[in-house]
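The values are calculated or read from the model by the stated rules, or taken from the named source; none is laboratory data. Here the structure is a predicted model, which means the values were calculated and not measured. Please note: Cβ atoms are built from the backbone with ideal geometry, for glycine as well, and neighbour counts cover all protein chains shown.
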Amino acid sequence: MRIEPRQLPATLPFLGDLPPLLTRLYAARGVQSEAELDKSLARLIPFQQLKGIDAAVDLLVTALEQRQRILIVGDFDADGATASTVGMLGLRLLGAAHVDYLVPNRFEYGYGLTPEIVEVALTREPQLLITVDNGISSVEGVAAAKRAGLKVLITDHHLPGDELPQADALVNPNQPGCEFPSKALAGVGVIFYVLMALRARLRSLGWYENKPQPNIGELLDLVALGSVADVVPLDANNRILVHQGLERIRAGRARPGIKAILEVAKRDAARITSTDLGFIVGPRLNAAGRLDDMSLGIECLLTADANLAREMAAQLDGMNQDRKSIEQGMQREALAQLKDLPVESMPFGLCLFDPEWHQGVIGILASRMKERYFRPTIAFADAGDGLLKGSGRSVQGFHIRDALSVVAAQHPNLIAKYGGHAMAAGLTLPQENFPLFAEAFDAEVRRQLREEDLTGRMLSDGTLAVEEFHLELARALRHAGPWGQHFPEPLFHGVFQLVEQRVVGERHLKVVLKSECGSVKLDGIAFGIDRDIWPNPTIQWVELAYKLDVNEFRGNETVQLMIAHIEPR
């Protein structure tokens, strides 16, 4: 692992009266003006800039006026669950008479608005279908819905294929011809924007002359959760959405389901950060879609009953524990496949398959293997009917969805279908094609990346001076975000004397450190350490990459280093 300095612009921008360290941190993350740090809702990009937004609102106004039956078709991850919930609650707030949702079971129907899902949807007798967090690639599914006489509104954020579905309206910042400046909206962000546009139209039509105007800001806790959990880039626009949602949660105004998940995870809602949304709430919500049916997650978010929310949150927590156990077993099996392979012989693009692997967990497995071996990784599971389903995770500098497009063009009929983002993608292929696909994927990775790109690196914001290890700075950093994808939490590095070390919770290393000059004593913790190395009483000095954090114990707050990387010095 290489620790490299994060690049700063030649001239630091003027960002008001911020401390020099915060100015440096923001500048290194591309902030160029003080306005970009304004996280008020008034700074959101106007919805009018979304292509297709007027056609979408036309459909929805007609549906509300005619009291049509609306059916939302979602996705089975946290973004899809929050988007489905935002769609349900938002349309009800705005006056929809009949609105319901349907989430495909990933093991029976796969992803998106397929013709098979349309058949299931028709049993609900809808008049308007709305997709959230999917649909941009559902050419056949939309055609099937249209043949059945349904109106179809696609809301999505994924990259489009060569052909767009012939929906009645399509809202996606990544569709051709859309000039919306932020291409980073999550699926939940897109449907929230549609609701903003609908409320504005209804207001102009006089719907709220004799009654209070609905506050769709009540949904921002869900928007924040889905955006962070889907790991979309936190550009200035997404930072506003996430910040506003976090503020609602901290103020105790979150949905009962979010409160209940935080309670079962033993997290204080008043102190929650974007990292907690991504690593605490998101995985518990995702567990339902990975192992069973995301309907449980959606119902947990929808309910207004706090007791019912607690019951469902406990079920989600149990599912998450099961997911962890399955994941750990799969990791052991994946490592066994690679243990006898010398590093110099390892593919640049890893493709892993075991017939017993769980479809719902292969994405996490791919992420873990990518983090361990620093190379694009796709994990496959048996999907039945002679097919494999794969889930891939990438490294910086390698656009995995575009790589799959190249492989598909070079080898027609090799891949049945694929889609995704720069950093994550999914695909389906016949099982007999796996060896050829693994070879072709490796070749494409080798074409784009060099061996030195696969060694792994961490970008550091530099070293902290002794006088900077204090609570005020740790608190300021915690709330200076929200931090996330493409706007990473500040990471520092330095050399420390190792005073004490012990393992807690089987795989976590708790340490006491002294600064290099020996004048400051600090607590630190490293999660998921290598037990073959740690603890080791012979190691006296270490080099760390770490985040400055606040540890609370029995009401007392102290500075703690959250160690991202540790190696003997």
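Having 3 or more residues that are outside the structural domain of Cys517 (by TED's automatic domain parsing) and more than 22 Å from Pro5 (Cβ to Cβ) is the bar; report the strands (runs of 3 or more DSSP E) wholly within the range 413-484 that clear it.
417-420, 424-430
Say we look at the range 460-483 and pick out the residues that are within 21 Å of the chain's Cα centre (by Cα) and at pLDDT below 95; which of these is surrounded by the fewest Cβ atoms within 10 Å (Cβ to Cβ)?
His479
Just name the residue that is surrounded by the fewest Cβ atoms within 10 Å (Cβ to Cβ) out of those in the range 405-426 that are among the hydrophobic types (A, V, I, L, M, F, W, C) and in contact with a strand residue (DSSP E or B) (Cβ under 7 Å, 6 or more places away or on another chain).
Ranking the candidates gives Ala416 first.
For the list (1) out of contact with any Asp or Glu (no Cβ under 9 Å at 6 or more places or on another chain); (2) part of a loop (DSSP other than H, G, I, E, B), I need the number of the one condition that Lys51 fails.
Every condition holds for Lys51 apart from (1).
With (1) in contact with a Gly (Cβ under 8 Å, 6 or more places away or on another chain); (2) surrounded by 15 or more Cβ atoms within 10 Å (Cβ to Cβ) as the list, and Arg446 as the residue in question, which single condition is left unmet?
(2)
Under the condition of being in a strand (DSSP E or B) and without any contact (Cβ under 8 Å) to a residue 60 or more places away in the chain, which residue from the range 57-91 is nearest to Ala167 (Cα to Cα)?
Filtering the range 57-91 for residues that are in a strand (DSSP E or B) and without any contact (Cβ under 8 Å) to a residue 60 or more places away in the chain, the one nearest to Ala167 (Cα to Cα) comes out as Leu71.
Quick test for you: out of Leu341, Leu301, Leu316, pick the one residue that is more than 27 Å from Gly484 (Cβ to Cβ) and of a type in the set (A, V, I, L, M, F, W, C).
Leu341
Read through the list (1) among the aliphatic types (A, V, I, L, M); (2) at pLDDT 95 or above; (3) within 30 Å of Leu561 (Cβ to Cβ), then give the number of the only condition that Val395 fails.
Just one mismatch for Val395, condition (2).
Output the residue which, of all residues in the range 1-30 that are among the hydrophobic types (A, V, I, L, M, F, W, C) and without any contact (Cβ under 8 Å) to a residue 40 or more places away in the chain, is surrounded by the fewest Cβ atoms within 10 Å (Cβ to Cβ).
Ala10
Which count do you get for residues in the range 21-35 that are under 17 Å from Glu489 (Cα atoms) and among the charged types (D, E, K, R)?
Total meeting the criteria: 2.
Quick check on the range 499-523: of everything there that is under 21 Å from Leu464 (Cα atoms) and either polar (S, T, N, Q) or within 35 Å of the chain's Cα centre (by Cα) (or both), which residue is surrounded by the fewest Cβ atoms within 10 Å (Cβ to Cβ)?
Ser519
Just to check your reading of the model, which residue among Leu50, Leu44, Leu21 is in contact with a Pro (Cβ under 9 Å, 6 or more places away or on another chain) and either of a type in the set (S, T, N, Q) or within 18 Å of Gly187 (Cα to Cα) (or both)?
Leu50
I'd like to check something: does the range 156-179 contain any residue that is outside any loop (DSSP other than H, G, I, E, B) and more than 26 Å from Gln213 (Cα to Cα)?
Yes, the range 156-179 contains a residue that is outside any loop (DSSP other than H, G, I, E, B) and more than 26 Å from Gln213 (Cα to Cα).
Return the residue satisfying two criteria in turn: it lies in the range 113-155 and is out of contact with any helix residue (DSSP H, G or I) (no Cβ under 8 Å at 6 or more places or on another chain) and of a type in the set (Ser, Thr, Tyr), and of such residues it is farthest from Asp100 (Cα to Cα).
Across the range 113-155, the extreme among qualifying residues is Ser137.
Could you tell me whether the range 261-268 includes any residue that is crowded, with 20+ Cβ neighbours inside 10 Å, under 21 Å from Gln244 (Cβ atoms) and either without any contact (Cβ under 8 Å) to a residue 60 or more places away in the chain or hydroxyl-bearing (Ser, Thr, Tyr) (or both)?
Yes, the conditions are met somewhere in the range 261-268.
What helices (runs of 4 or more DSSP H) completely inside the range 217-313 contain at least 3 residues that are at pLDDT 95 or above and more than 19 Å from Phe76 (Cβ to Cβ)?
By residue number, 220-229, 236-250, 256-264.
Looking at the range 104-118 only, could you name the residues that are without any contact (Cβ under 8 Å) to a residue 24 or more places away in the chain and charged (D, E, K, R)?
Glu108, Glu116
Would you pick out the residues in the range 270-282 that are crowded, with 19+ Cβ neighbours inside 10 Å and either in contact (Cβ under 8 Å) with a residue 40 or more places away in the chain or more than 18 Å from the chain's Cα centre (by Cα) (or both)?
Thr273, Ser274, Leu277, Gly278, Val281, Gly282
Out of all the residues in the range 427-437, is one or more in contact (Cβ under 8 Å) with a residue 60 or more places away in the chain, surrounded by fewer than 18 Cβ atoms within 10 Å (Cβ to Cβ) and not basic (Lys, Arg)?
Yes, that holds for at least one residue.
Of all residues in the range 548-569, which are farther than 18 Å from Arg267 by Cα, of a type outside the set (Val, Ile, Thr) and touching a residue at least 40 places away in the same chain (Cβ under 8 Å)?
Leu548, Leu561, Ala564, His565, Glu567, Arg569
Which one of these is surrounded by 20 or more Cβ atoms within 10 Å (Cβ to Cβ) and touching a residue at least 12 places away in the same chain (Cβ under 8 Å): Ile326, Ile362?
After applying the criteria, what remains is Ile362.
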